[in-house]
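Participant: Below is the structure I would like to discuss, written out as structure tokens.
The values are calculated or read from the model by the stated rules, or taken from the named source; none is laboratory data. Keep in mind that what you see is a predicted model, and the values were worked out from it rather than measured. Cβ placement follows ideal geometry from the backbone for every residue including glycine, while neighbour counts extend to all protein chains displayed.
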Amino acid sequence: MTKLQKDNNKQYKLTLPKQILEAIGWEKGDNIKVELDSFGNLILKNETKK
């Protein structure tokens with residue numbers, strides 16, 4: 001489970017578990033697109049060309 005956090009600059013952040021990122025092959029520096037579906041759920045898409 002991931003908790004929503006707020007930093008000193010009043011920015012909200014989510015930390016994704018390392019095991020999940022390794023399983024899907026995402027790496028530091030990838031461009032992640034954030035979308036909302038019709039139910040208000042977040043959808044994360046890796047837009048990095050590999």
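Participant: How many of the residues in the range 1-30 are part of a loop (DSSP other than H, G, I, E, B) and touching a strand residue (DSSP E or B) at 6+ places or on another chain (Cβ under 7 Å)?
Facilitator: Result for the range 1-30: 4.
Participant: Which pairs have Cβ atoms under 8 Å, sit 6 or more apart or on different chains, and link a residue in the range 38-49 that is within 24 Å of residue 27 (Cβ to Cβ) to one that is among the aromatic types (Phe, Trp, Tyr) and surrounded by 10 or more Cβ atoms within 10 Å (Cβ to Cβ)?
Facilitator: From residues that are within 24 Å of residue 27 (Cβ to Cβ), the pairs are 46/26.
Participant: Can you pull out the residues in the range 35-50 that are part of a loop (DSSP other than H, G, I, E, B) and either at pLDDT below 95 or farther than 18 Å from residue 21 by Cβ (or both)? Before you say what the answer is, go through the steps one by one.
Facilitator: So the first thing to find is which residues in the range 35-50 are part of a loop (DSSP other than H, G, I, E, B), and the list is 37-41, 47-50.
Of everything in the range 35-50, those that are part of a loop (DSSP other than H, G, I, E, B) and either at pLDDT below 95 or farther than 18 Å from residue 21 by Cβ (or both) turn out to be 37, 38, 39, 40, 41, 48, 49, 50.
Participant: While we're looking at this one, here's another question. When you check residue 42 against the structure, is it among the aliphatic types (A, V, I, L, M), exposed (fewer than 10 other Cβ atoms within 10 Å of the Cβ) and under 13 Å from the mean Cα position of the chain (by Cα), yes or no? Walk me through how you get there before you give the answer.
Facilitator: Values: among the aliphatic types (A, V, I, L, M): yes; exposed (fewer than 10 other Cβ atoms within 10 Å of the Cβ): yes; under 13 Å from the mean Cα position of the chain (by Cα): yes.
For residue 42, the condition - among the aliphatic types (A, V, I, L, M), exposed (fewer than 10 other Cβ atoms within 10 Å of the Cβ) and under 13 Å from the mean Cα position of the chain (by Cα) - is met.
Participant: Any residue that is at pLDDT 95 or above, loosely packed, with under 10 Cβ neighbours inside 10 Å and on the phi > 0 side of the Ramachandran plot - is there at least one of those in the range 3-16?
Facilitator: No: zero hits.
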